[in-house]
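Please treat every number below as a calculation from the coordinates, not as lab data. As the structure is a prediction and not an experimental result, all values here were calculated from the model. FYI the Cβ positions are ideal-geometry reconstructions off the backbone, even for glycines, and counts take in every protein chain you see.
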Amino acid sequence: MILGVIADDFTGATDVASMLVRAGMRTVQVLGVPEGELPRADAVVVALKSRTIAPLEAVA
């Protein structure tokens with residue numbers, strides 16, 4: 001993996017993932033914190049729901 005991205009919602013994660021794919025990077029997008037191994041990729045984009053939850057929960 002070359003790049004890891006944490007997005008605060010699904011839409012933002014999808015925007016970033018699509019730009020990375022267009023730039024030629026093999027990209028995996030996951031919902032929430034991934035468990036276990038991920039497929040081989042140049043970039044992993046993690047979509048969280050941190051925009052819509054309480055601030056203390058978002059940073060936990």
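General remarks:
- Potential lengthening of the chain between Val59 and Val21 amounts to 10.8 nm, from the contour at 0.36 nm per residue minus the alpha-carbon distance.
- Histogram of C-alpha separations across the stretch 3-58, 5 Å bin width, %: 4, 21, 29, 22, 13, 7, 3, 0
- A Cβ-based charge dipole, computed about the Cα centre of the chain with Lys and Arg at +1 and Asp and Glu at -1, lands at about 180 debye.
- Of the peptides 10-23, 47-60, the order by per-residue mean of other Cβ atoms within 10 Å, starting with the highest, comes out as 10-23, 47-60.
- Listed residues Met19, Thr52, Met1: farthest to the positive end of the dipole of the chain (Cβ charges): Met19
- The long axis of helix 10-22 is offset from the longest Cα principal axis of the chain by roughly 10 degrees.
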